[in-house]
Amino acid sequence: SIIMKKYDVDLFNVLVQPSKYDITEQYINKFLVDISSSLLRFREHYGYFHSDVKPANIFIEDDNSFILGDFDMSIKYTNNNIIEECGTDKYIAPEIAYYKYAHKKSDVWSLGITLGFMLSRQKLPDIHDKSGCLSHPGVIDHLCKYNIPDIYIDLIKLMLVPEPDERIDFIDIIKLIK
């Protein structure tokens, strides 16, 4: 079991209180590097998927460091990750929704949906396909309504590629942002 300290602020609360928090490009980049690094380390060093990446599970330290929390749905990585239940509907990757299969890049999809929420400062609309998963074209079309820099729209497109083998990985997200 993992024991963590209690945090006062999570990303969800920051996003639903737009007048209280200023989300700059530097803040977004720090978020991407901190959480991508955490997820990469969790997968590569410990052999686990988080499986429930979403704003309510990302905590913010006083120094604006982002901390990944709530590991109760984490799954040990194997070559055959058949899973029964995993994640939160709006954030789960298509391979989980359709096939009950966790891929090593499934958490990338969830981080992409989280990034979309962060950039638009709006919960993403219910643009689901038949599996209950947010659809890639629907999310991108929705985000294009906001004044979001192209670099982030392009990154989200890479994070939400439906085929997990073709999806960008955490190490590439970190390299792109740094």
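The values are calculated or read from the model by the stated rules, or taken from the named source; none is laboratory data. Predicted model, so just to flag it, every value in this text is computed and none were measured. Note: ideal-geometry Cβ built from the backbone for every residue, glycine included; neighbour counts use all protein chains shown. Just the protein is used for accessible areas: all its heavy atoms, side chains included, with ligands, DNA and RNA removed. Shrake-Rupley method; radii C 1.70, N 1.55, O 1.52, S 1.80 Å.
Distances between placed amide hydrogens fall under 5 Å for Leu68 paired with Phe59, all partners being 5 or more residues away or on another chain.
Counting only protein heavy atoms and a probe of 1.4 Å, the accessible surface of region 1-78 is 48% carbon and sulfur.
Distance between the 7 Å Cα→Cβ label points at Asp62 and Lys145: 4.0 nm.
If R0 equals 30 Å, the separation of the Cβ atoms of Lys178 and Lys76 corresponds to a calculated FRET efficiency of about 0.50. Excluding same-chain neighbours fewer than eight residues apart, the lysines reachable from Lys104 by a Cα-Cα span under 29 Å are Lys5, Lys6, Lys30, Lys54, Lys76, Lys90, Lys123, Lys130, Lys157, Lys175, Lys178.
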